[in-house]
1. If each residue's Cβ is checked for other Cβ atoms within 10 Å, how do 33, 130 rank with the fewest at the top?
2. At what distance in angstrom do the alpha carbon centres of region 88-131 and region 34-52 lie from each other?
3. Could you state the per residue volume, in Å³, of the convex hull enclosing the Cα atoms of region 25-124?
Ligand SMILES: *[C@@H]1O[C@H](CO)[C@@H](O)[C@H](O)[C@H]1NC(C)=O
Ligand SMILES: *[C@@H]1O[C@H](CO)[C@@H](O)[C@H](O)[C@H]1NC(C)=O
């Protein structure tokens, strides 16, 4: 293990500097809320290896976390998003989808939007389809 990562590091630093950044660089994911000021959003994110626990987000208080994406592009953080009468899921970081190292999101009622460098809306995603019965329409 130690030997193979040493070997990898050696090859990486020889061939591609960006590759070394892949191993050592941390990625930051931040979640903001665009729900009404009085609404508290509870977010719970997990990966295969980590459970980040419950965090509360309001329109004035974001929450973020840092991690090292893995070398094999399989890092995935999946989250639940709950606020009164609503419960949704979304993969907040998918190493295949997200090329960002600072991934800034804002949660709107209909789904999360990724922000660009100037915090303008870059792209909005729908919530993950849910099997839950009796869920409210996404409006
Ligand atoms: C939500 O987003 C809209 C449009 O981007 C913005 O005008 C509004 O101030 C935001 N509200 C909150 C609570 O963040
Ligand atoms: C960010 O998004 C906003 C709104 O969509 C856009 O006006 C702005 O040009 C974008 N900025 C960059 C750096 O892409």
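1. 130, 33
2. About 13 Å separates the Cα centre of region 88-131 from the one of region 34-52.
3. Details: hull volume 9.5 nm³, N = 100.
Taking the convex hull of the Cα positions in region 25-124, it is 95 Å³ per residue.
Read-outs: derived from the displayed coordinates by stated rules, not from any lab. Every value quoted in this text rests on a predicted model; they were computed, and no experiment measured them. Note: ideal-geometry Cβ built from the backbone for every residue, glycine included; neighbour counts use all protein chains shown.
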